[in-house]
1. Enumerate the pairs (first residue in the range 91-103 and at negative phi; second residue anywhere and assigned to a strand (DSSP E or B) and among the basic types (Lys, Arg)) with beta-carbon separation below 9 Å, excluding pairs fewer than 6 apart on the same chain, so at least 6 apart or on different chains.
2. Which of the residues belonging to the range 2-28 are surrounded by 15 or more Cβ atoms within 10 Å (Cβ to Cβ) and either of a type in the set (Val, Ile, Thr) or at pLDDT 60 or above (or both)?
3. Could you tell me which numbered condition GLN192 fails, if it satisfies all but one of (1) within 27 Å of ALA128 (Cα to Cα); (2) out of contact with any Leu (no Cβ under 6 Å at 6 or more places or on another chain)?
4. When the range 29-68 is examined, which residues are found to be touching a Pro at 6+ places or on another chain (Cβ under 9 Å), in a loop (DSSP other than H, G, I, E, B) and either of a type in the set (D, E, K, R) or closer than 20 Å to ILE95 by Cα (or both)?
5. Considering only residues that are in contact with a helix residue (DSSP H, G or I) (Cβ under 6 Å, 6 or more places away or on another chain) and of a type in the set (Phe, Trp, Tyr), look in the range 140-169 and name the one that is nearest to TYR44 (Cα to Cα).
6. Any residue at all in the range 137-155 that is modelled with pLDDT under 90 and touching a strand residue (DSSP E or B) at 6+ places or on another chain (Cβ under 8 Å)?
7. Among (1) at pLDDT 95 or above; (2) out of contact with any strand residue (DSSP E or B) (no Cβ under 8 Å at 6 or more places or on another chain); (3) surrounded by 12 or more Cβ atoms within 10 Å (Cβ to Cβ), which single condition is LYS210 missing?
8. Could you check the range 207-235 and list, in sequence order, the residues that are without any contact (Cβ under 8 Å) to a residue 40 or more places away in the chain and aliphatic (A, V, I, L, M)?
Amino acid sequence: MTQGKELPDGMEPIGKKKFSFHCHPEVGCFMDCCRNVDMFLYPYDVLRLKDALNISSQEFMEKYTKVVKGINHPYFPSIMLRLNDDEVKSCPFLIDNGCGVYHDRPSSCRTYPLERGVDRSPKKGSGADFYLMTQHDYCLGHKEDKSFTVKKWIRNQRLDEFNLMNDLWAEVDTVFASNPWAGEGSGGPKQQMAFTACFDIDNFRVLVAKHSLLDRFTLSKDQKRRIRESDSELLKFAFEWVKNFLGSPSSLLNR
């Protein structure tokens, strides 16, 4: 997901236009896009993948990711998928007949061949999204006789939940872009706590229980129940808690 609306030369948002694309095992390039790819993972991607693999978020982060410099600013790190150390640098979730985590695949995989952008200019308020078409010479899916609109593609790929969670994450990352760790430096206690809340949901759940965090805010019984029962709801709480923790207004939490 890109932010802003500074587009590469010759690229325009698709809008309501139709595009042709279909990926399936009979396409000659099948699984080529699952090799030698730079893929950033967002918190909801990590949550879905660690649950799909039935491992802890900490184990997932240690085994399948690497920490790199922030995509949009230098004040908070980004997370990338760690590829296999083989000749073609394949995705670690690739199996003989395709994707081994297809139901829980990351948002970048779901969105392809589109790329989602969000215009966060002041006149747009909270942000309006738009989609661009990516073109790779090796991809033959564009030649398939199956057409979609962006709206239909979002529904087909079940992107709504991913887009919602990624937008909530972008709001948190905007707070990080203000360098709230000034004086502490990167990697200090505050940043480590924020990183845990966003990318280590299992340990954050432990912290929530240990410090009775849900009782410190005005939350309904139903909200507390959903947060206790659902990792997704806990992640939403984590995003709002981080903003509150760093002194930024929160729409969910009220002392």
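The values are calculated or read from the model by the stated rules, or taken from the named source; none is laboratory data. Since this is a predicted model, take the numbers as computed values, not measurements. So basically every Cβ, Gly included, is an ideal-geometry build from the backbone, and we count neighbours across all protein chains shown.
1. Qualifying pairs under 9 Å: CYS91/ARG35; LEU94/ARG35.
2. THR2, PRO13, ILE14, PHE19, PHE21, HIS22, CYS23, VAL27
3. Result: GLN192 passes all but (1).
4. Correct list: MET31, MET39.
5. Filtering first and then ranking leaves PHE162.
6. No, because not a single residue in the range 137-155 is modelled with pLDDT under 90 and touching a strand residue (DSSP E or B) at 6+ places or on another chain (Cβ under 8 Å).
7. Here LYS210 meets the rest and fails (3).
8. Selection gives LEU207, VAL208, ALA209, LEU213, LEU214, LEU219, ILE227, LEU234.
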